[in-house]
């Protein structure tokens, strides 16, 4: 009977440790553990001594998990408060043609993290962007002017371009372990065989131990099992016209960048799709309508060929070669 009790206590301690690493509260196990400790304290106060196993330690209360709220009620409710600031979040683009919108969403989250950081060190810490050679060849490199347009200071942005994916994973682990950066963004292309569930699990544990967020930016990849608490699928959305102070819009203008997000992985059973636009000046997201706005009177499309009518009074096919010549035949 004593061995059964010791094994049960050991199992409770192991489950509590695993839950603390994963950031998941387990009220039932915690309540049972606290009740066990309370019974032992009562027995000690009554003068009844009972030895405690040497391999077990009292369970400490679990601290609240730091979160980064998006600022949109529906999305924050689906995220249970926001993105974890001590875990792994995956951002996925459907194709390499959407690499810009996925990168822009990651930069917007980093800018919002700097704006919402209450800790001075986190607010002034740089952002580290890690991209392996294959990803940078297809998606390009971050541009200083574009980084500034998204609300980040280029001086607080560092970039690493390892030649191999293994080196990129090593740099990401070392950066997380140092706890020097406000956020680490790891960019990979597709679903490489050298980056699977085991590697993502190791990165998630590094982020949890260091108390720093890690954004996995997967360009043109498919859904696969990972240790990310949340996974977003990002697609481009049409930008609305730029709003004016009086509430009207400026015709023919291009407003804030818009993202069509799908929350593919979360603790909620059903995925959530929403369109957001990013205000780089205020560093905040706002919901945007999904439907494309109608064209203003006299407004032309950006593509000049879109408004041209079909050709008229022309043959439907090229004429066959024959006696018809551009010049008269010379004798």
- Return yes or no: is residue 196 on the phi > 0 side of the Ramachandran plot and either under 17 Å from the mean Cα position of the chain (by Cα) or in contact (Cβ under 8 Å) with a residue 12 or more places away in the chain (or both)? no
All-but-one check, residue 132 against (1) exposed (fewer than 14 other Cβ atoms within 10 Å of the Cβ); (2) under 19 Å from the mean Cα position of the chain (by Cα), failing number (1)
Just wondering, is there one or more residues in region 122-130 that are modelled with pLDDT under 85 and under 15 Å from residue 285 (Cα atoms)?
-> no
Within region 236-263, residues being in a loop (DSSP other than H, G, I, E, B) and under 15 Å from residue 285 (Cβ atoms) number 5
Only one of 51, 66 is at pLDDT below 90, surrounded by 12 or more Cβ atoms within 10 Å (Cβ to Cβ) and either out of contact with any helix residue (DSSP H, G or I) (no Cβ under 7 Å at 6 or more places or on another chain) or farther than 18 Å from residue 214 by Cβ (or both), namely 66
Within region 212-233, the residues that are touching a strand residue (DSSP E or B) at 6+ places or on another chain (Cβ under 8 Å) and either outside any strand (DSSP E or B) or not assigned by TED's automatic domain parsing to the domain that holds residue 110 (or both) are 212, 213, 220, 221, 223, 226, 227, 228, 229
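The values are calculated or read from the model by the stated rules, or taken from the named source; none is laboratory data. Please read all numbers here as calculations on a predicted model, not as lab measurements. When we count neighbours, we look across all protein chains shown, and the Cβ atoms used for this are built from the backbone with ideal geometry, even at glycine.
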